[in-house]
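Written below as structure tokens is the structure these notes are about.
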Amino acid sequence: MSKNFSLLALSLSLSLVTALGLGCSKKTKEPTDEGHNSTAPIVAGLQTEALSQQPRAVSRMAQAKALRYRDQLKNTRGFRFAGDVAPPAAQPAIQGDVTFTKAEIFDRLFLYGADVQYSSIGEPSMSLLVQSMAVGHIPARFAHVGDRLQLVADQAHLFQSDINHPGRLIHEWPIVRDDATTITVTMRSASPTLVTILKDAKAPVARQTWVRSIQFVAQGNYLLLETSVEQADGTVAEFMESIFPRETLVPAGTPPKVLLADPGMEPLAARYGFIGGEKLFLDLPKGRLQTLVANRFPTPAAGQLIEWYVTPNVPAIYLPILKSGVEGWNRYSQKMWGRDFVRFNGVLPAGVKIGDPRYNVINWDSVPEAGAAYESQASDPLTGLQSHSLVYLPYAWVKIGQDYWKRGGISQEDEVVPALAKVMKRGSLLGEKLKVRCLHDMDLVASLEARTSPEVFARDLLKLVLFHEVGHALGLAHNFKGSLSWNPDDAASVVTTSVMDYNQYQLEGALFTSELGAEGPLAEYDRQVISVLYNEGKDVTATDPVLPACDDDRADDYDGGVDPLCMRYDAGHDPTAQLARTIALLNDETAKLGKTQSLAASIGEIAASLGDPAKAVTEADVTARVSEAANQVLGLTLHYYAAGAQSLAYMAKSNVKMLYDAKAGSLPAPYDSKAMIARSLEGIRYAVESSALEESAEDAITELRAETEAWVKTTAWYGGVANPQKDAGVAKKIEMAFGLAEEITGALVFPKMRSAILKTIVFKDSVPFLFTTETTPALDTEKMMMDLLEQAVTMRMSDGEYRAVEERIVAATSLRSFTPVNGSDAVFTRVATVIGTELAKATSGSERAELRALLKVVETVPVPEKDEEEEE
């Protein structure tokens, strides 16, 4: 067969790679490139044809994409797109005959990859669909078994034994032709392993699978298959499967130096946070040991770059922002080498599909309310060298800046990100868990800056989120202690040592010195990590500070004590001082925290946003402006008390950590643990007992009402109304708008805040609450927390009313976690007695039903849910 077929004719000049040796040897030998021409094509021919029948799921998926396309146009009106955007047509199922060159595919190690492109899996009602996720690479070999060509996972790195490392079948294709030099197979289905990636059950079943396209790229020998899997429940996932020789990514003959992400074996991993893959066995100087390998791109040589692209549906106005977010990392390579090492190339070239391992892609999604951005990457598990990264970035990151203050809050539900995390947590490929980085939660990043400059806020937020996600792609794990360096009382203090922290937006914006440029200060921790990952640490000197660091595992680890300084979205040297400062913003009208002023001062600025009264010419104009002012009051109250990382709710629930026993050494000098515990207790109690705005905020609202009324009386509409009752009408409009905001604040904002905190006050078997005799009287935090929860269930608020039953159920559920504690039976008896008395006095069926539900929580010890990973 000729080796010069045209791409347009769907026949390609190729030659494949070599199959799995099934014999055992006492020593596993690293495959070499002997007998193979690394530049020779592995595929000798490829022909495809459309199948006569296509799965019904194909058209269903196309309909879903068309709806997303319609939403895309609806939500981006006024924007010019960077590339042609058309509603995707249904892609017919195809089959393809692929001819491999035997000499190039057998006895050779390949990397098999699988990337999620799009799916209908998730929660459509919450705009929660799993998309664009790089799952990873699996070492694999080809084997000729009977009338089948198999692709089998080489799992030697998963076993310590040099003989016991069974392979797992990835693909099996029927052979249609077999001669001395080539072997031809028919490909018409996806790998059966893909059903486990986004599985919906413990024993997932694929209803059907099909192939949508087959492509071979001779430069690098990439065989790319777009495939689809319909699960038993009718949901569909689209994938890009890739197969290419391992030496395309990992040079043969001169293996790269492996950097371990294992703190027990690598001192650098104990000092810095590296992104690691699954645990594997490596032949190390001390023997064959299980360890972790750090993920990173191959260090680009001079003149080479790590390049990024975005999907063509991105509005052109955001291209400069994306460029800044990606190329912000060049500040570190410029410091090391005097040259750039990453570049944003704009829109993907025509014909390139998401999941192609040659391209790092930002998938811009038009969904306006998807609550999370995230990054994922694919690497060679033996060396950690990455082929590519995918970043999912929804349009919601722009919409939050445009809509938050108009609505008085964000519309997404709080469970969006946890639900997405749950979907991703349960998936795996051949036993390896999905490695999705950093579900960046939109709910936590709303900022006061969005009130006055929503577009500027949106662009800055977009840039900062991407800056963070590209950091993951480059190999940096989270560091939630980066913000400990910030001193809110020092104007010259750098906001953080790492963008890999979850930093509060109003502080993190200082990491860029201009709106569209990539320039900014060098965050010291990030500078050091980049040097270690890409320059062998040559830029880290003995005099450079050893900076504190902690990642997700540390932040979520309670076994043997907590690390109270390892918090997401905290700010400043002492998180408990930050809680005290947050409370001051609520009750002291002169208080400030960084750029943030007090709630009362922020309310006082609303009158200026009413606009030009001469332009309010109709009653509808006036009503809309008054409603917007009231919505801003509601939005500010929600922002300061209950929503976002700056809120009292977030800071108080984070400070619950201070009340558990701390890990040894987690509070080094000069931290004063007694003072910190006292601040945490005071702040938590203040928050869970709050039921109304402080006097300073109430006074600011009263003044705003008066200013709003005065503004209305200067409008063109008011001057043109000849009605003696118009003043009463104006007063009624203002009373209705502000009264509704006040009602929502009392009924929703404060219960939301209190419930968020009460939910975190739970007894944990793995770590006790503090008990110390060093104070007089002795400090028994365990009892204090039980008392606080008991009061939340049984005691009336300052207005004489009980809390809403939903909030009481939250408190009762947390209280029930204290069942193992001595004396808890007496507490439950007291609580049950109070609720029983209420039940006896209830006057309606609905009230009795609510109280019975509450009593059931108090009287029933809940069975702990088993962790999904343990179940699987």
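The values are calculated or read from the model by the stated rules, or taken from the named source; none is laboratory data. What you see is a predicted model; the values in this text were computed from it and never measured. Don't worry about glycine lacking a Cβ; one is built from the backbone with ideal geometry, like all the others, and counts go over all protein chains shown. SASA here: full protein model, heavy atoms, side chains in, ligands and nucleic acids out. Shrake-Rupley method; radii C 1.70, N 1.55, O 1.52, S 1.80 Å.
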Under the rule of at least 5 residues apart or a separate chain, name every residue whose amide H is placed under 5 Å from the amide H of Val347. Val310
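Tell me, Kirkwood radius of the stretch 541-629 from alpha-carbon pair distances, in Å? Working shown, then result.
On the way: mean 1/r = 0.0570 Å⁻¹.
That comes to 17.5 Å for the stretch 541-629.
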Using amide H atoms built in the peptide plane, which far-off residues or other-chain residues are under 5 Å from Val293 H to H? Ala261, Gly277
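Can you give the direction-averaged projected area of the convex hull of the alpha-carbon atoms in the stretch 615-700, in nm²? Walk me through the numbers before you get to the answer.
Numbers: hull surface 34.1 nm².
Average projection, Cα convex hull of the stretch 615-700: 8.5 nm².
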Among Lys399/Lys463; Lys463/Lys592; Lys595/Lys657, which pairs are too far apart, with a Cα-Cα distance over 21 Å? Lys463/Lys592; Lys595/Lys657
What is the sum of charges, Lys and Arg at +1 and Asp and Glu at -1, for the other residues whose Cβ falls under 12 Å from the Cβ of Lys663? -2
Report ³J(HN,Hα) in whole Hz for each residue of the stretch 240-254, in order, from the Karplus equation J = 6.51 cos²θ - 1.76 cosθ + 1.60 where θ = phi - 60°; Gly and Pro get x. 10, 9, 9, 9, 8, x, 4, 5, 4, 9, 10, x, 7, x, 10
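In the stretch 628-675, what percent of the accessible surface is made up of carbon and sulfur (1.4 Å probe, ligands and nucleic acids excluded)?
Of the solvent-accessible surface of the stretch 628-675, carbon and sulfur hold 51 percent.
Between Tyr558 and His165, how high is the FRET efficiency from 1/(1 + (r/R0)^6) when r is the Cβ-Cβ distance and R₀ = 45 Å? Nearest 0.05.
Numbers: r = 36 Å, r/R0 = 0.79.
The formula returns an efficiency of 0.80 here.
Mind ranking 462-471, 490-499, 577-586 by how tightly packed they are, going by the mean number of other C-beta atoms within 10 angstrom, highest first? List each step's numbers first, then the result.
Working: 462-471: 25.0, 490-499: 18.2, 577-586: 21.0.
Peptide ranking by packing, descending: 462-471, 577-586, 490-499.
Give me the accessible area per residue for the stretch 532-678, probe 1.4 Å, as a whole number in Å². Could the numbers behind the result be given before it?
On the way: 5700 Å² over 147 residues.
On a per-residue basis, 39 Å².
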Would the stretch 209-259 count as rounded, prolate or oblate if I go by the C-alpha gyration tensor, calling it rounded below 1.5 in a/c and otherwise prolate when a/b exceeds b/c, oblate otherwise? oblate
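Please list the three semi-axes, largest first and in whole Å, of the ellipsoid equivalent to the stretch 722-811, using sqrt of 5 times the eigenvalues of its alpha carbon gyration tensor.
Details: eigenvalues 394, 36, 25 Å².
They are 44, 13, 11 Å, listed largest first.
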Over the stretch 275-369, what lengths in whole Å, largest first, do the semi-axes of the equivalent ellipsoid take, defined as the square roots of 5 times the eigenvalues of the alpha-carbon gyration tensor? 32, 20, 12
State, in angstrom, two size descriptors of the stretch 598-754 derived from its alpha carbons: Rg to one decimal place and Dmax to the nearest whole number. 21.0, 75
Arrange the peptides 809-817, 531-539 so that the one whose residues have, on average, the most other Cβ atoms within 10 Å appears first. 809-817, 531-539
For the stretch 675-714, what ratio Rg/Rh do Cα atoms give with a Kirkwood hydrodynamic radius? 1.35
Efficiency of FRET between Arg358 and Glu278 - r from beta-carbon atoms, R0 25 angstrom, step 0.05: 0.60
Distant-in-sequence amide H partners of Leu129 (H built 1.01 Å from N, under 5 Å): Glu123
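What net charge do the residues around Phe344 carry, taking every other residue with its C-beta under 11 Å from that of Phe344, with Lys and Arg at +1 and Asp and Glu at -1? Mind showing how you got there, number by number?
Values: positive: Lys323, Arg343; negative: Glu307, Glu327, Asp340.
Here the charged neighbours net out to -1.
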In nm, spacing of pseudo-spin labels at Thr829 and Gln334 (7 Å Cα→C-beta vector): 7.2 nm
Gap separating the Cα centres of the stretch 664-739 and the stretch 480-506, nearest whole Å: 28 Å
Counting heavy atoms of the protein chains only and a 1.4 Å probe, report the per residue accessible area for the stretch 144-240 as a whole number of Å². 40 Å²
For the stretch 616-655, list residues with backbone N below 14 Å from a point placed 7 Å from the Cα of Ser609 toward its Cβ? 625-640
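Students often check this: by mean Cβ neighbours within 10 Å, which of 589-599, 40-50 ranks highest, and how do the rest follow?
Values: 589-599: 18.5, 40-50: 20.3.
So the peptides 589-599, 40-50, ranked by packing, come out 40-50, 589-599.
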Provide the per-residue ³J(HN,Hα) series for the stretch 523-532, in order, calculated from phi with Karplus coefficients 6.51, -1.76, 1.60 and θ = phi - 60°, each as a whole number of Hz, with x at glycine and proline positions. 6, 4, 5, 5, 4, 5, 5, 4, 4, 5
In order through the stretch 464-479: 3J(HN,Hα) via Karplus (6.51 cos²θ - 1.76 cosθ + 1.60), integer Hz, x for Gly, Pro: 5, 4, 5, 3, 5, 5, 5, x, 4, 4, 7, x, 8, 7, 5, 9
FRET efficiency, Glu735 to Thr776 (Cβ-Cβ, R0 45 Å, nearest 0.05): 0.30
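With a sphere of radius 12 Å drawn around the Cβ of Ile757, what net charge do the other residues whose Cβ falls strictly inside it have (Lys, Arg +1; Asp, Glu -1)?
On the way: positive: Lys653, Arg685, Lys752, Arg754, Lys759; negative: Glu689, Glu807.
Net local charge, Ile757 excluded: +3.
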